[in-house]
Amino acid sequence: LISLDGRLIGINTAIYSRGGGSNGIGFAIPSKMVETVISGAETGGRVVRPWIGATGQSVDAEIASSLRLARPFGVLVNKVYRNGPAGAAGLRVGDVIVSINGKPIPDANALKFRIATMAVGGAAKVGVLRSGRPSELSIKLIPAPEVPPKDLTLLTGKNPFAGAEVANLSPALAEELSLEGDLTGVIIVRIRRQSTAARIGLAPGDTLLRLNSLDIVSVAKLKSLLRQKYTAWRIEIKRAGQILQINLRG
């Protein structure tokens, strides 16, 4: 796609067509996103997108009314991660992000796109509304950190988790797995076929929460718990935002 003044604005990927000809509807990758991918390829590494350490939801009519906003617009911040760039810059839960570097941010998808097309190492001027009053914050753009370390571990032995490969969740791993929401705890990355873990219904993407009412806060903690002997196993997991419980006899 070329603009009227001859600049590249996108690369065509597909057209909408019923009979093989163009109906005038096409799909393209924005040039800014292509630029980011090419930059990563030229350095011989993977594409690294900026992480600001905050998440939010699109402001709908109901949220706009509750915040006394003139119209549904922007992203309501619902989580700011400890020690992240957004927190360091002063962003708070309840702020509404309305612009980045002067570009309007009408919803959560626009926020993700704007951040994804920016370069790591710089900073973004983020326009926010706080209690209805506008302000601007400068948020550093850094790679998602792998804190805590992944500690990728294949669980073995005579226990319900045998055959599950688990890791400590971190912002970096969450980005790698395309996860949103909580970025802490222990997640199942893979399950070996016909293993004990597969037979009891555990699956990749499950977050392990508790074993017999004891919190699973890290891979090291889980391995410690599995060294104990139990007459029964009560496992709590989170899957697709829902808390599930698996009960087994020892």
How many residues does the range 161-180 contain that are assigned to a loop (DSSP other than H, G, I, E, B) and either of a type outside the set (A, V, I, L, M) or closer than 26 Å to Arg234 by Cα (or both)?
8
Mind listing whichever residues of the range 121-141 are open to solvent by 60 Å² or more (accessible area, probe 1.4 Å) and not hydroxyl-bearing (Ser, Thr, Tyr)?
Gly121, Lys125, Arg130, Arg133, Pro134, Glu136, Lys140
Asp60 vs. criteria surrounded by fewer than 16 Cβ atoms within 10 Å (Cβ to Cβ), in contact (Cβ under 8 Å) with a residue 12 or more places away in the chain and acidic (Asp, Glu)
yes
Output the residues belonging to the range 73-109 that are more than 19 Å from Leu179 (Cβ to Cβ), open to solvent by 20 Å² or more (accessible area, probe 1.4 Å) and not in a loop (DSSP other than H, G, I, E, B).
Leu76, Gly87, Ala88, Ala89, Val98, Ser99, Lys103, Pro104
Pair list, Cβ < 8 Å and 6+ apart or interchain, from the range 97-122 residues that are hydroxyl-bearing (Ser, Thr, Tyr) to residues that are open to solvent by less than 60 Å² (accessible area, probe 1.4 Å):
Ser99/Ile105; Ser99/Val126; Ser99/Gly127; Thr117/Pro30; Thr117/Met33; Thr117/Thr36
I'm told Lys158 meets every condition in (1) open to solvent by 70 Å² or more (accessible area, probe 1.4 Å); (2) in contact (Cβ under 8 Å) with a residue 40 or more places away in the chain; (3) part of a loop (DSSP other than H, G, I, E, B) except one. Can you identify the failing condition by its number?
(2)
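What do you reckon, is Ala144 among the small types (Gly, Ala, Ser), within 30 Å of Ala124 (Cβ to Cβ), touching a residue at least 40 places away in the same chain (Cβ under 8 Å) and crowded, with 21+ Cβ neighbours inside 10 Å? Please lay out each step first, then the result.
On the way: among the small types (Gly, Ala, Ser): yes; within 30 Å of Ala124 (Cβ to Cβ): yes; touching a residue at least 40 places away in the same chain (Cβ under 8 Å): yes; crowded, with 21+ Cβ neighbours inside 10 Å: yes.
It is true that Ala144 is among the small types (Gly, Ala, Ser), within 30 Å of Ala124 (Cβ to Cβ), touching a residue at least 40 places away in the same chain (Cβ under 8 Å) and crowded, with 21+ Cβ neighbours inside 10 Å.
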Residue among Leu208, Leu183, Leu248, Leu202 that alone is in contact (Cβ under 8 Å) with a residue 24 or more places away in the chain, surrounded by fewer than 18 Cβ atoms within 10 Å (Cβ to Cβ) and outside any helix (DSSP H, G or I)
Leu248
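Can you tell me which residue within the range 222-233, out of those that are without any contact (Cβ under 8 Å) to a residue 24 or more places away in the chain and under 19 Å from Val166 (Cα atoms), is least open to solvent (accessible area, probe 1.4 Å)?
From the range 222-233, those without any contact (Cβ under 8 Å) to a residue 24 or more places away in the chain are 224-225, 227-232; that's our starting set.
Next, only the ones that are under 19 Å from Val166 (Cα atoms) stay: 224-225, 227-228.
On the way: Ser224: 40, Leu225: 10, Arg227: 177, Gln228: 100 Å².
Out of the qualifying residues, it is Leu225.
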Tell me, yes or no, whether the range 187-199 has at least one residue that is out of contact with any strand residue (DSSP E or B) (no Cβ under 6 Å at 6 or more places or on another chain), open to solvent by 60 Å² or more (accessible area, probe 1.4 Å) and β-branched (Val, Ile, Thr).
no
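The values are calculated or read from the model by the stated rules, or taken from the named source; none is laboratory data. Computed from a prediction, not measured in an experiment: that's the story for all the values here. Positions of Cβ are backbone-derived with ideal geometry, glycine not excepted, and every protein chain shown enters the neighbour counts. What goes into the accessible areas is simple: the full protein's heavy atoms, side chains included, and nothing from ligands, DNA or RNA. Shrake-Rupley method; radii C 1.70, N 1.55, O 1.52, S 1.80 Å.
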